Amino acid sequence: MPVNGEDHVTKAKDDFLLQSDSAAGVNLELLKSWQRSKDAIGVPANVRDVPQVAEELLDAHILDMFQAPLSRLSDDLDGTGLGLLLADSRGTILQRWSHDHTALAHLDRLGTVRGAMLAEDVVGTNGVGTVAATGKSLQISGNEHFADFYSAALCTGSPVRHPATGKLLAVVTISSEISERSGLLRPMVKSVATQLEQHLLEVERPSARRLFEEFLLASRTHGTAVLAFGPQGLVMQSRSAGRLSAADVTLIEQHVAERRATGRFTLEVSNGTVDVQATRLGDDAGVVVVLGRERSANSVAVGPARAQLVGRSPEWMSVARDVARHREVRRPLLIAGEVGVGKTSLALGLPFRARATSYAAAIADAAERHVVGNRRWLQNVAERLDASAPVVMRGVEALDRSSLDALRLLLEQRGGHGAVMLTMSTEKEEAARTLAGDLGVSMAWVPSLKERTVDIPLLWLVFAEQLAPGAGLQLRDETAALMRGYPWPRNLKELRGVVERMSIAGKRGPVLPGDLPLEMQGSRMLSMIERAELDAIRRALAEAEGNRSKAAEILGLSRATVYRKMKAYRLSA
């Protein structure tokens, strides 16, 4: 709905208010919204504040449905100046999410708080109520809003519909101050709405429906945080659980997954220790988790997480589940990725330490072939494969053609007793697929740290507790932002090295940007919008097979703009 030029919009609205049929150059949908607003409210000056609905009248069912996916998304908005809103089908705000002080101050100035009534007939044209009124995705910028106090706001909203009936259930909106990057928000918000509809579709499945009903019952019965974990990564989260970080939710999910029966345990989360009651439903419908009151801790502790794989990004969770499935069914798997991404840890199912000897799996290294000789090395591999224990073979990229052929034969003849995990260090995913094909096994690609920067604070927490317990090396928000903008060429090893150097230097207390290595201090965190733009350019280049002119056509941009953005993002074709 935006039109070119704020002055033009202002003049068009003034003309419209004086004479309804005089608003040249204004989008028809915007004009219709102004007319509905005028009919209901009169003039913009009549909107003096934003009325609120009492807490008990808000639709808790919708919020419970979408709390978990929106909480995860909100972490990605940190530092962007963007606020995320969920409203019911009438336009009443059910919840807002943001870790960004600028975004929260912006929402407060607009009166956009939980319970705020943003229906079009209450506050006029806006990116929540007008979406609810029209059922269409749209963006309202500056003076396109009917009420004057929205003149500095940019609101981009999209409807969330029931995937089967098409009924409007909710409105999801991103709100911010006016930005030159506003065009990128529209596909982003549509994508969020699509994700929520997919989430709803998963909840509607019979087994998930039962899980959701049990989750709602527990949420109504208990005054504390309630979570539910279902098949295919389905997560539900009550409003009371909103104070948990996404990292906390992932830690709880990981611990619940290890305990295959109903029971209680305690767990260290970011704000202290919590009692966890996990109730597993029959027929693999999932598990409902009720948390007790947190017992606060003076410093952030990781506790049992020290022995767990750490990560909550979708990319990491996906590959972790893939590896776990292959381990369970004892099918050989090649785990590939850059140096230092955690391949051996994934293969073991717990953090790998080079000098540790207590692993249940037999760990072999392809480089040993150069020490003991090819014949003896193959005999050792055969003996390990004959045993019932799992086998992890590291660095198979070091094997020559004859050794690879022999290894494939051994896997075909002697595999099946225990899980067999092979690791390969490479920067080329295609090279890993080729090797997996040569060995006749499946392949899992592990994302690099720069592809899962959302995991950096939690990984830092784990390394800090391991290497400097009690030192309180907690990342400040601005420090974490710098770290997310750094490319991490050596991945987790480099991150661990940073913590180790601080520990050796005797650093204590909060970690400031100036405490980081110089090469990291010069990095900059990409905003969510910039990451979306970067991903779009990468996909277009891949589709165009590196042809920049063709990529520009796919993106609908000029070649000069694509060249400039590639240079800014340090992309090569």
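The values are calculated or read from the model by the stated rules, or taken from the named source; none is laboratory data. These numbers come from a predicted model, not from an experiment. FYI the Cβ positions are ideal-geometry reconstructions off the backbone, even for glycines, and counts take in every protein chain you see.
Given (1) surrounded by fewer than 21 Cβ atoms within 10 Å (Cβ to Cβ); (2) within 16 Å of the chain's Cα centre (by Cα); (3) at pLDDT below 85, where does residue 255 come up short, assuming only one miss?
The number of the failed condition is (2).
Answer yes or no as to whether residue 112 is buried (at least 22 other Cβ atoms within 10 Å of the Cβ) and under 16 Å from residue 36 (Cα atoms). First the steps, then the outcome.
Values: buried (at least 22 other Cβ atoms within 10 Å of the Cβ): yes; under 16 Å from residue 36 (Cα atoms): no.
No, not satisfied.
Within the bounds of the range 470-478, is there any residue that is of a type outside the set (Val, Ile, Thr), out of contact with any Gly (no Cβ under 9 Å at 6 or more places or on another chain) and touching a residue at least 40 places away in the same chain (Cβ under 8 Å)?
So the first thing to find is which residues in the range 470-478 are of a type outside the set (Val, Ile, Thr), and the list is 470-478.
Within this subset, residues satisfying the condition of being out of contact with any Gly (no Cβ under 9 Å at 6 or more places or on another chain) are 470, 475-476.
Restricting the remaining residues to those that are touching a residue at least 40 places away in the same chain (Cβ under 8 Å) gives 470.
Checked against the condition, which is being of a type outside the set (Val, Ile, Thr), out of contact with any Gly (no Cβ under 9 Å at 6 or more places or on another chain) and touching a residue at least 40 places away in the same chain (Cβ under 8 Å), the range 470-478 yields at least one hit.
If you go through the range 220-248, how many residues are modelled with pLDDT of 80 or more and either β-branched (Val, Ile, Thr) or part of a helix (DSSP H, G or I) (or both)?
8
Need at least 2 residues that are among the acidic types (Asp, Glu) and closer than 25 Å to residue 348 by Cβ per element, so show me which helices (runs of 4 or more DSSP H) inside the range 420-532 make the cut, counting only ones lying wholly within it. Write out each step before concluding.
On the way: elements: 429-439, 456-467, 477-484, 491-504, 518-521.
Because the criterion is at least 2 residues that are among the acidic types (Asp, Glu) and closer than 25 Å to residue 348 by Cβ, the helices (runs of 4 or more DSSP H) in the range 420-532 that meet it are 429-439, 491-504.
Take residue 420 and decide whether it is outside the structural domain of residue 401 (by TED's automatic domain parsing) and either of a type in the set (D, E, K, R) or in contact (Cβ under 8 Å) with a residue 40 or more places away in the chain (or both). I'd like the intermediate steps shown before the answer.
Details: outside the structural domain of residue 401 (by TED's automatic domain parsing): no; either of a type in the set (D, E, K, R) or in contact (Cβ under 8 Å) with a residue 40 or more places away in the chain (or both): yes.
Spelling it out, it is not the case that residue 420 is outside the structural domain of residue 401 (by TED's automatic domain parsing) and either of a type in the set (D, E, K, R) or in contact (Cβ under 8 Å) with a residue 40 or more places away in the chain (or both).
Check 402, 388 and return the single one that is exposed (fewer than 12 other Cβ atoms within 10 Å of the Cβ), out of contact with any Phe, Trp or Tyr (no Cβ under 9 Å at 6 or more places or on another chain), of a type in the set (Gly, Ala, Ser) and not in a loop (DSSP other than H, G, I, E, B). Please lay out each step first, then the result.
Details: 388 fails: not in a loop (DSSP other than H, G, I, E, B).
On inspection, the qualifying residue turns out to be 402.
Of everything in the range 95-121 that's in a loop (DSSP other than H, G, I, E, B) and not polar (S, T, N, Q), which residue is nearest to the chain's Cα centre (by Cα)?
The initial filter retains those residues of the range 95-121 that are in a loop (DSSP other than H, G, I, E, B), namely 98-100, 111-115, 118-119.
Of the ones still in play, those that are also not polar (S, T, N, Q) are 99-100, 111, 113-115, 118-119.
Values: 99: 14, 100: 16, 111: 28, 113: 24, 114: 23, 115: 26, 118: 28, 119: 30 Å.
The extreme case among them is 99.
Name the single residue that is surrounded by the fewest Cβ atoms within 10 Å (Cβ to Cβ) among those in the range 37-63 being in contact with a helix residue (DSSP H, G or I) (Cβ under 8 Å, 6 or more places away or on another chain), touching a residue at least 40 places away in the same chain (Cβ under 8 Å) and among the β-branched types (Val, Ile, Thr).
41
Go through the range 258-281 residue by residue and tally those that are at pLDDT 75 or above and either of a type in the set (Gly, Ala, Ser) or part of a helix (DSSP H, G or I) (or both).
Matching residues across the range 258-281 total 3.
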